[in-house]
Amino acid sequence: MVAPQVPVAREGYPFIGFAAFATVVAALVGHELLAWGGVAVTGFVLFFFRDPERVGPEAVDALVAPADGQVIAIDQLYDERYLGDHAYRVSIFMNLFSVHVNRIPFAGRVTGVRYRPGAFLAADAGRAALANESCATLLATAGGRQLAVVQIAGLVARRIVCWCRKGDQVERGQRFGLIRFGSRVDLYLPLQTQLAVEVGQQVRAGETLLGHLS
């Protein structure tokens, strides 16, 4: 039986290549300790940038998690920045060991991508959503619903990557970006959403059901 292969996000190639090269050099010059350290670092970088395949729920109205990690907050608020309406905000914290590739939560059209520079507070802090560097991907569904997926940098994460562009048609579960080395993703949803997730729950991007969106 052949074990399934776990792909690696292309953003990780330079880091993996550098770590592997440094390991080979250390081994060739006879620095055994450095070489073993390089093996460990290369293994961790491969682990960090892993990008496994995911299979989500089949229901057409199913909403899936945009990120791996723990749900740290579910709020009901007035969102003036993205939706301009009352909304649910579901916050998912990714630690250093989470898969960091982000996925589209619901099929639709990208109506905007908004990058905002900012601070680098701990991503699980309450102020992080407002103060930290972020990139918001705005979506409109075929049913006319508006939602936003906001990638938020953290204390260690200093690089947000988003592959979406305004006008793109995207599918649920599609890869759309990543954040390097620990961070957070906030999902803004219309109040018509029937949530099926709770605070403290561990979720997997593209796979875990967050709720239903009509």
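Put simply, when 66-74, 20-28 are sorted by average Cβ atoms within 10 angstrom per residue, most first, you get 66-74, 20-28.
Distance from the Cα centroid of segment 81-116 to that of segment 196-211 is 13 Å (rounded to whole angstrom). For residue 175, the solvent-accessible surface with a 1.4 Å probe is about 80 Å², rounded to the nearest 10.
Residue separation times 0.36 nm, minus the C-alpha to C-alpha distance between residue 209 and residue 27: what's the value?
That pair, residue 209 and residue 27, stretches by 60.9 nm at full extension.
Peptides 187-194, 107-114, 134-141, 146-153 ranked from most to least packed give 146-153, 134-141, 187-194, 107-114, packing being the mean of other C-beta atoms within 10 angstrom over each peptide's residues. Where does the charge balance sit around residue 104 when Lys and Arg score +1, Asp and Glu -1, over other residues with C-beta under 12 Å from its C-beta? Residues near residue 104 contribute +3 overall.
The values are calculated or read from the model by the stated rules, or taken from the named source; none is laboratory data. Treat the numbers as computed from the prediction; the structure is a model and nothing was measured. All Cβ positions, even for glycine, are placed from backbone atoms using ideal geometry, and neighbour counts span all protein chains on display. Note: areas computed on protein heavy atoms with side chains; ligands, DNA, RNA excluded. Shrake-Rupley method; radii C 1.70, N 1.55, O 1.52, S 1.80 Å.
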